[in-house]
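Here the structure comes first, spelled out in C-alpha cells, and everything after it is commentary.
The values are calculated or read from the model by the stated rules, or taken from the named source; none is laboratory data. What you see is a predicted model, and the numbers here were worked out from it, not measured in a lab. Positions of Cβ are backbone-derived with ideal geometry, glycine not excepted, and every protein chain shown enters the neighbour counts. Surface areas here come from the heavy atoms of the whole protein model, side chains and all, with no ligands, DNA or RNA. Shrake-Rupley method; radii C 1.70, N 1.55, O 1.52, S 1.80 Å.
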Amino acid sequence: MSKSSRSPRPRSQRQRFEVAVTSVVEKRLGALPVVSEFTRRLDLAGIVDAVCPGGASAHVTHGQVIEALVANRLTAPAPLVRVGDWARTWAVEEVFGIEAGLLNDDRLARALDAIAPHLEHIAGTVGARAIGEFGIDVSRLHWDMTSMSVHGAYPVEGQDEDFPVIHYGHPKDRRVDLKQVQAGLAVTADGGIPLHARVFDGPAAEVCQVVGAMKDLRTMAGTRDFLMVADSKLVSYANVTALLTAGVHFVAPAPAAQVKDEVYAALDLDRATAVNWVPDRDADKPPERRERYRVLEDTHTLKGPRKKDPELTVRRILVHSTANAAGQRAARDKRLAKATEDLNKLASAAGGRHYRTADKIVARVGVITAKRRVTSCLRYEVTGNETGVPALEWHFDAGVLQAEAAVDGWYALLTALPAEQADPGQVLIHYKGQGTVERRYHDFKGPLAVAPVFVQHNRRVAALIQVICLALLVFCLIERQVRRALGPEQSMAGLYPDNRKVRPTGRMIFYHLGELTLRIGHITDPPTVQITRGVQLHLLDLLDTDIGQTRWPQT
C-alpha cells in the first residue's frame, strides 16, 4: 500500500497514544532496592547523622547524601558533578526518597567535608554494626595496604595537614610519575568482608601502620580474640613486640633478608609433612597436576635495635610449594637462556669493531649479568692472543646453580599462634586466605572505580575513598548473603549463557540486577518492576529483598 493510500489515524487515537506514552516513565532500578536494604541494616545514614547532624536545612541530611553516594558507586560510579544525572535516570527518588536536584556537586562536597573529621569513627562504627547485624566471624582478619595514583598537581602547601597528604611514594601500579594516597583494608576470612578501612599519606611506610591497624581491629572485635594475617611488612621488632604485648596472634611471611638461602638448602624435603589443602584454582585438576605443599617447623628469633632489647622468639613454619618451585625453576632457565644468547653474541663479537679492547668486553659483560641477573653464577675470563686481540670465555658455575635449585619453592611463615591451636599445616592454610584481601582491592579499583577521583582537596579525597570503602563493604555483604543462601555448594546456574553452575561473585550479581527497570505510571497505576530473566528473580529471592517496597511511601 502506498503512503498516500494509507488511512489517516483518527486524531482522538493519536492523542490517546501520545498521552499513554508521556504518562509512563521508565527508570533504571538495578540493585538500588538491595543496596537500600543493606545500608538500612547497617544504619549507615543514622551513624553518619549521629556525628554530622547538620545538613537537614537542605531537605536531605549528610547521612542520606553519603548513602546515595554509596549507591552510586555500586550501580554506576560517576564524578560528583554527574551524580545528579545518575539520580534522574535511576530510581533514586523512588527508592531512597531523595530528589535528584538535591544531589548536586556542591551538596555532595559539603557532605564529604562534614564526614572528613570523623572517618575513623564512622568506619569503626559501621564495621561493628556489620559484625552484629550479619553475624560475621572475626576470628581471622587479613590486613593489607594498597596505593591509588591520582592525576593533578596537589601541591603540599595547599593541603590540609589534618588529613592524609597526597604525595609521591612507592606506588603498587609503578606510576612513579604520579602522586598517590594509600588505603588499608582488614578483610574477614568469613566472606571476605572489609570491616575496617583507613586512608593514609602517599609516602606512608606500610610497616609503620600495622600497630594502628591492630588497635583499631581490637576495638572493633571487642572481647573476641582474632588472628591477624598480613604480608612481610608486619614483621619488624616493634610490630611483633606490640602484637605479643597486646595478646594478638599473627601470621606473616618472614622477610627474605631474615632467612638465608643456606637455611632452606639444608632442609630435607622428605622429612616435611604434606598439607591436605588444595587451592581453588586446582580443584578441577587431576591430583598429579595440583600444587602440593609440605611443611617443617622450627623457631625464629628477632633482635631489637638496642642491645638491652629482649630477644623475641616465635614459631617459624618452613613451607615448600611445588608450584613456586616450578615457577622459580622456569624463571631461572629463562634467565640463563637469555644470558647464554647474549654472552655467545658477545664472544663472537670480541675483538671486532665494537669490542676491540678487554675493557669494553668487561663492561658489556657487566650489563648482561645485571640485566639477566646471573651475577652469582657467571664465571668468565677475557684473554688475548699473541696479536693482542681479546677473546671471551665463560660458563655458569654448576655448584651455584645447584645451590639455587636446592632452595626453590621454599619460604617461611612466622606466627605467634600456640602449637595446640594450629599445627604447621593449619598455619599455612590461615595464611593462604591472604589472597582474599587482594581480590577485594581488585573490586575496590574495578567495579567501584576508586580512580579517577575528581575532587580537588585532600580532605575530600580521604572522605571519598572512605565512602568507596563503605560501598565495598555493602558489595561484599551482598555477595556473602547470596553464597550463604545457596548452601554448602555455594554455586548456581544462570549467571553465564552456557548455564554452567558457578560461585556467584559480586560483579555478576550486580551485573544481572543492573538490568532491572521501574515502570512508573499515573497515580492510579502503581509502579511496576520489569524483570526480564529468571536469574534476577532467583538473586532477589536469595537476597530476601522485596523490590516493590521502598523506604519512603510513594506519592
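In the list Leu312, Leu269, which residue meets the criterion of being closer than 25 Å to Glu206 by Cβ and touching a Gly at 6+ places or on another chain (Cβ under 9 Å)? Sole residue among the options that is closer than 25 Å to Glu206 by Cβ and touching a Gly at 6+ places or on another chain (Cβ under 9 Å): Leu312. With the condition kept exactly as written, say whether any residue in segment 136-145 is acidic (Asp, Glu) and either at pLDDT 90 or above or under 20 Å from Arg41 (Cβ atoms) (or both). For segment 136-145, residues acidic (Asp, Glu) and either at pLDDT 90 or above or under 20 Å from Arg41 (Cβ atoms) (or both): present.
Applying the criterion of being under 24 Å from Ala252 (Cβ atoms) and small (Gly, Ala, Ser) to the residues of segment 273-314, the residue that is farthest from the chain's Cα centre (by Cα) is Gly304.
A quick yes/no check of all residues on (1) within 23 Å of the chain's Cα centre (by Cα); (2) under 30 Å from His512 (Cα atoms); (3) at pLDDT 95 or above:
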| site | (1), (2), (3) |
| --- | --- |
| Arg41 | no, yes, yes |
| Val60 | no, no, no |
| Ile66 | yes, yes, yes |
| Ala76 | yes, yes, no |
| Val83 | no, yes, no |
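Any idea which residue in segment 207-218 is surrounded by the fewest Cβ atoms within 10 Å (Cβ to Cβ), counting only those that are over 20 Å from Ala463 (Cβ atoms) and hydrophobic (A, V, I, L, M, F, W, C)? Within segment 207-218, the match that is surrounded by the fewest Cβ atoms within 10 Å (Cβ to Cβ) is Cys208.
Out of Val263, Val278, Val295, one residue alone is hydrophobic (A, V, I, L, M, F, W, C), in a loop (DSSP other than H, G, I, E, B) and under 25 Å from Ala419 (Cβ atoms). It is Val278.
Listed here are the residues, each with its yes/no results for (1) open to solvent by 40 Å² or more (accessible area, probe 1.4 Å); (2) part of a loop (DSSP other than H, G, I, E, B).
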site: Ala252; (1), (2): no, no
site: Thr299; (1), (2): yes, no
site: Ala323; (1), (2): yes, no
site: Glu341; (1), (2): yes, no
site: Ser348; (1), (2): yes, no
site: His354; (1), (2): yes, yes
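Screening the candidates Gly494, Gly514, Gly506 for the property of being modelled with pLDDT of 90 or more, within 15 Å of Leu29 (Cα to Cα) and of a type in the set (Gly, Ala, Ser) yields one hit, Gly514.
Across segment 32-53, the qualifying residues are those that are part of a loop (DSSP other than H, G, I, E, B) and touching a residue at least 60 places away in the same chain (Cβ under 8 Å), and the one among them that is surrounded by the fewest Cβ atoms within 10 Å (Cβ to Cβ) is Asp43. The set of residues in segment 227-239 being farther than 15 Å from Gln434 by Cβ and surrounded by fewer than 21 Cβ atoms within 10 Å (Cβ to Cβ) consists of Ser236, Tyr237, Ala238. Restricting attention to segment 419-444 and to residues that are at pLDDT below 90 and either hydroxyl-bearing (Ser, Thr, Tyr) or surrounded by fewer than 17 Cβ atoms within 10 Å (Cβ to Cβ) (or both), the residue that is farthest from Pro253 (Cα to Cα) turns out to be His442. When the test is whether a residue is over 27 Å from Ala130 (Cα atoms), of a type in the set (A, V, I, L, M, F, W, C) and modelled with pLDDT under 95, Ile531 passes it.
Within segment 470-482, identify whether any single residue is assigned to a loop (DSSP other than H, G, I, E, B), open to solvent by 10 Å² or more (accessible area, probe 1.4 Å) and more than 28 Å from Asp105 (Cβ to Cβ), and answer yes or no. No.
This table checks each residue for (1) closer than 21 Å to Val474 by Cβ; (2) touching a residue at least 24 places away in the same chain (Cβ under 8 Å); (3) in a helix (DSSP H, G or I).
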position: Arg500; (1), (2), (3): no, no, no
position: Pro504; (1), (2), (3): yes, yes, no
position: Met508; (1), (2), (3): yes, no, yes
position: Tyr511; (1), (2), (3): yes, no, yes
position: Arg519; (1), (2), (3): no, yes, no
position: Thr532; (1), (2), (3): no, no, no
position: Gln536; (1), (2), (3): yes, yes, yes
position: Leu539; (1), (2), (3): yes, yes, yes
